[in-house]
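To start, the structure itself, in structure tokens.
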Amino acid sequence: MSMPSTTANWHWKNKNVTPWAKTWFQDELTKIAIQGEGSECISVSSVSSVEGDVELGQRKSKLITIYDCKISVEWSGTASDGTEVTGKVTIPEVSHEITLDRLSDYIYEWSESGSTDEAIVALYAFAKARLPAALEAKFAEFPVALIDKHGKDLTISGEPSRAGTPAPASGPNAISGPTFSSTPAPPKPVVAKTLNTSKIIKEASFMAAADDLFGLLTDEKRIPSWTRAPAQSAAKVDTPYSLFGGSIKGRYLSLTPGKEVVQTWALQSPTWPSEHAATFTTTFEQSSDSTKVTFSLAGVPKGMEEELERNIDGYYIHGLKSIGLGTVL
């Protein structure tokens, strides 16, 4: 007699998927290509090594990505004067803790050109400025692809759950990537009585003007600077938006520059109830030397409060802090 799925999925299970992961990185990272404003361009030509182990675990009906890899990639490009250039960059740690929990930033170890040619030096600078965001967009796709590919092997029945954090949905290419090919469909709110929800509030003060923070959170061209993933945002009432490579989607309800943003908010993950949308309200209170930002998420499904508090801390607050705004204690 088989165990009920609620019991069968309660125990620890692990699956080693390291060979599949190495192939995934080799296939996906080499799709990255970045064109500059002029004739300069770069692309990932090969993944020279992927060291480390990758596993998918399951406990209490939740799927957990377990990985810590050292990845080296070879890149090539064309400088503004037509010179062909090659280089290498190593990322010592690509892990669940960095990609999903945002416990620290990625580290990049670059080969040096050794050239004094102005065009070559400029291309190396271009690579260092643009390639990390494209790589991180792909790294964000990895846990999603891992669960989509192997989750069914560990789950007896029902849909697998992605543990922790909004991992951007697959699709991004060169801050790909993060590559959006279509406008996201807005989530449809569910009738309140069918779902028990709660509200979480997080606050932080930044050394920036309210108008500037409003722009960073709503301007499609500026959002990737702190999310490190592509975004879609027209910043108009009743228009859809998409953040973190598609892992968060919704529709703007109201926008008051420098004061408030109200939007529907849905996590694109099996842990998030189908067709449900929460309401995310961001308010700005500017003082003489800083701006207090309050993030309020209403309609959080019961049981997900701790996870989403970590998400807002790691993805929004830490993301804004990472671009040099700093926070005020």
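For the reader, a short list of remarks on this structure follows.
- Temperature 4 °C, viscosity 1.567 mPa s: under these conditions the Stokes-Einstein estimate for region 197-323, based on its Kirkwood radius over C-alpha pairs, is 89 µm² per second.
- With R₀ set to 35 Å, the beta-carbon distance separating S198 from Y108 gives a calculated FRET efficiency near 0.35.
- Cα centroid separation, region 265-329 to region 14-61 (Å): 28 Å
- Test item: Cα-centred dipole of region 48-123, Lys/Arg +1 and Asp/Glu -1 on Cβ, debye: 620 debye
- Prolate/oblate/rounded call for region 13-153, Cα gyration tensor, a/c under 1.5 rounded: prolate
- Spatially near lysine pairs across region 197-323, Cα under 16 Å, sequence gap of 8 or more or different chains: 8
Readers should treat all values here as calculations from the given coordinates under stated rules, not as data from a laboratory. Note that the structure is a prediction, hence the values are computed from the model and not measured. Cβ atoms come from the backbone with ideal geometry, glycine included; neighbour counts cover every protein chain shown.
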